[in-house]
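The values are calculated or read from the model by the stated rules, or taken from the named source; none is laboratory data. Owing to the predicted nature of the structure, the values given are computational and were not obtained by experimental measurement. As a convention, Cβ positions derive from the backbone with ideal geometry for all residues, glycine included, and neighbour counts pool all protein chains shown. Ligands, DNA and RNA are excluded from the accessible area calculation, which covers all protein heavy atoms including side chains. Shrake-Rupley method; radii C 1.70, N 1.55, O 1.52, S 1.80 Å.
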Amino acid sequence: MTSETDVIIAGCGPVGAMLAAELRLHDVRVLVLDQQTEPVSYARIVGLHIRSLELMAMRGLLDRVLAHGRRRPAGAYFAGIDKPAPGDIDTAYAYLLGIPQPVLVQVLEEHAVAQGAYVRRGCTVTGVEQDDDGVTVELAGGERLRSRWAVGCDGGHSTVRKLLGIGFPGEPARNETLMGEMAVDEPPGGEVDRRINVRPVGGGFYRVIVPAGATVTATLDDFRHQLRALAGTDFGVHSARWTSRFGDATRLASAYRAGRVLLAGDAAHVHPPTGGQGLNLGLQDAVNLGWKLAAQVRGWAPPTLLDTYETERRPVAADVLDNTRAQVALQSGEPGARAMLRLLTELMDIEEVNRRLLGKITAIDIRYDLGSSRDLVGRRLPEVAVRGGTLYSLLHRGRGLLLDRTGSLSCDSWPDRVDLLSDPSAALEAPAVLLRPDGHVAWAGDDQRELDVHLSRWFGPA
């Protein structure tokens, strides 16, 4: 049993890999354990929404993911209603990026390893014990590993969550759905049952989603049978790259932390994939948690900093669960649901309705309650041009940033945690802003004494 690791992460999917990289930005010793002996190989396409693309840009990863993805104009896509996005979304990344999940995992894992994280595959976690000094993780076969902290990023059936005894209340699956990627000889050219989704993903392949009905497997023949039953044709589907089935279970962990062990991603929340929010929600968990846990490990965290991970991210997850519940209900095919869907389709022609729903799906409307009456505080700051480059390029190291238009403010007492850029021309709605490493505004104003209070609140003693 070794004690040379600060944080053990269970699960090397997108969330675990992203968290590992975030911790390594602060020289935290990280070991990532994954049950699979090899990364998943099937080419499931996932979508990165605006906020996740912004986070990729903040860490210098955007060009890498863009090289493997396919852009699609941004839109709300709420309950399958495909409306164009408002023309003035406050972001430099107003698109959805489709990317194969194995490629995304590879990019994030390579990034974490390049930063110094260690990844071990073929490791099944069977036990988690903790004491005042750290966490002991037991693997199948009896090996015991020691670390100061641990994080479960091991999916909806999280072993870590179960071993901690953290509740996972919510609703069990009531309906099952088939989803896969396959070739389609005769794509739908007009209106089809809204429960069916046949959308191109590139390379001649389509993502096909259809209710599972009474089928209990997810074979290509099951897809054909269900498509014929609901649409009168199977669209000539063939050559499936991968197929799966999922339920509409909706659950939220009763706590995100038990002592020295935390949860992130699907280990903390599961919901139907309607709107494509799950992966994005998990990546945003990782970026919110990474610098806070690193601060705890490095010894400069203010007393309540790590607690803000749960107080900020759990309400966001609860909101995602609610909007997916609403979308599933709208897509049920019942007469009342169809009527509501027609009404919502009309309402989404109203720009403010469209904007609100797009903000929910893409996570750009999140405002953490940081106790300020300023609307800017708690929100993410969009990408803006600043002297010498762009705002997000200044966040690559995962540190705080004081962006000052006045030229009179200072953060010199936090040289290892906060950077300073004095730029009178920066496009800000305030004289100065203090940005957290996740790009959210922690403070806005022009008073040095007030700034020092918030520097201490988020970045520890001077």
*Among the residues of the range 415-453, write down those that are open to solvent by less than 40 Å² (accessible area, probe 1.4 Å) and assigned to a helix (DSSP H, G or I).*
LEU451
*Can you work out which of the residues in the range 264-282 that are open to solvent by less than 10 Å² (accessible area, probe 1.4 Å) and not aliphatic (A, V, I, L, M) is modelled with the lowest pLDDT?*
PRO272
_If I filter the range 16-30 down to residues being part of a helix (DSSP H, G or I) and touching a strand residue (DSSP E or B) at 6+ places or on another chain (Cβ under 9 Å), which single residue comes out as nearest to ALA268 (Cα to Cα)?_
GLY16
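Against the condition farther than 20 Å from GLY11 by Cα and assigned to a strand (DSSP E or B), how does ARG71 come out, does it pass? Before you say what the answer is, go through the steps one by one.
On the way: farther than 20 Å from GLY11 by Cα: yes; assigned to a strand (DSSP E or B): yes.
Here the answer is yes, as ARG71 does meet what is asked.
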*In the range 162-182, what count of residues is obtained for those that are of a type in the set (S, T, N, Q) and more than 25 Å from the chain's Cα centre (by Cα)?*
0
*Kindly list, by first and then second residue, each pair from a residue in the range 44-67 that is more than 14 Å from VAL103 (Cα to Cα) to a residue that is open to solvent by 20 Å² or more (accessible area, probe 1.4 Å) and of a type in the set (Asp, Glu), limited to pairs with Cβ atoms under 7 Å and residues at least 6 apart or on different chains.*
GLU54/GLU383; ALA57/GLU383
*Give the residues of the range 217-257 that are of a type in the set (A, V, I, L, M), out of contact with any helix residue (DSSP H, G or I) (no Cβ under 8 Å at 6 or more places or on another chain) and farther than 28 Å from TYR309 by Cβ, sorted by residue number.*
ALA218, LEU220, LEU227, ALA229, LEU230, ALA231
*Quick one: which residue in PRO302, PRO315 is within 28 Å of VAL28 (Cβ to Cβ), without any contact (Cβ under 8 Å) to a residue 40 or more places away in the chain and not hydroxyl-bearing (Ser, Thr, Tyr)?*
PRO315
*If SER147 satisfies every condition in (1) open to solvent by less than 20 Å² (accessible area, probe 1.4 Å); (2) closer than 22 Å to HIS269 by Cα; (3) of a type outside the set (A, V, I, L, M); (4) under 26 Å from the mean Cα position of the chain (by Cα) but one, which is the exception?*
(2)
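Take ALA329 and decide whether it is surrounded by 14 or more Cβ atoms within 10 Å (Cβ to Cβ) and either in contact with a His (Cβ under 9 Å, 6 or more places away or on another chain) or farther than 24 Å from GLU191 by Cα (or both). Can you show your working first?
Working: surrounded by 14 or more Cβ atoms within 10 Å (Cβ to Cβ): yes; either in contact with a His (Cβ under 9 Å, 6 or more places away or on another chain) or farther than 24 Å from GLU191 by Cα (or both): no.
So ALA329 fails the test.
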*Are there any pairs with C-beta distances below 8 angstrom linking a residue in the range 383-404 that is touching a residue at least 40 places away in the same chain (Cβ under 8 Å) and among the aromatic types (Phe, Trp, Tyr) to a residue that is open to solvent by less than 10 Å² (accessible area, probe 1.4 Å) and part of a helix (DSSP H, G or I), with the two at least 6 apart or on different chains, and if so which?*
TYR392/GLU54; TYR392/MET58
_Per-region count, the range 150-165, residues more than 26 Å from ARG245 (Cα to Cα) and either in contact with a helix residue (DSSP H, G or I) (Cβ under 6 Å, 6 or more places away or on another chain) or surrounded by 12 or more Cβ atoms within 10 Å (Cβ to Cβ) (or both)_ = 4
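Name the residues in the range 190-210 that are closer than 23 Å to ASP248 by Cβ and without any contact (Cβ under 8 Å) to a residue 60 or more places away in the chain, would you? First the steps, then the outcome.
First, pick out the residues of the range 190-210 that are closer than 23 Å to ASP248 by Cβ: 192-199, 201, 206-210.
VAL192, ILE196, VAL198, ARG199, TYR206, VAL208, ILE209, VAL210, listed by residue number.
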_Among (1) open to solvent by less than 60 Å² (accessible area, probe 1.4 Å); (2) more than 22 Å from the chain's Cα centre (by Cα) - the single one ASP185 does not satisfy_ = (1)
*Would you mention how many residues in the range 384-406 are on the phi > 0 side of the Ramachandran plot, open to solvent by 10 Å² or more (accessible area, probe 1.4 Å) and at pLDDT 95 or above?*
0
*Of the residues GLN115, GLN106, GLN130, which single one is among the polar types (S, T, N, Q), open to solvent by 30 Å² or more (accessible area, probe 1.4 Å) and under 30 Å from LEU358 (Cβ atoms)?*
GLN106
_the range 325-368: number of residues that are closer than 26 Å to SER52 by Cβ and touching a residue at least 12 places away in the same chain (Cβ under 8 Å)_ = 21
*asked:* Of everything in the range 137-164, what is in contact (Cβ under 8 Å) with a residue 60 or more places away in the chain and part of a strand (DSSP E or B)? Give them in sequence order.
replied: VAL137, LEU139, ARG144, LEU145, ARG146, SER147, ARG148, TRP149, ALA150, VAL151, GLY152
*Scan the range 223-253 residue by residue and report those that are among the small types (Gly, Ala, Ser) and surrounded by fewer than 18 Cβ atoms within 10 Å (Cβ to Cβ).*
ALA229, ALA231, GLY232, GLY236, SER239, ALA240, SER244, GLY247, ALA249
*Among the residues listed as LEU370, LEU321, the single one being open to solvent by less than 40 Å² (accessible area, probe 1.4 Å), part of a helix (DSSP H, G or I) and either at pLDDT 95 or above or not aliphatic (A, V, I, L, M) (or both)*: LEU321
*Which of (1) outside any loop (DSSP other than H, G, I, E, B); (2) open to solvent by 10 Å² or more (accessible area, probe 1.4 Å) is the odd one out, the single condition ALA79 does not satisfy?*
(2)
*Those residues that are assigned to a loop (DSSP other than H, G, I, E, B), open to solvent by 20 Å² or more (accessible area, probe 1.4 Å) and among the hydrophobic types (A, V, I, L, M, F, W, C), I need them from the range 188-217; list them, please.*
VAL192, ALA214, VAL216
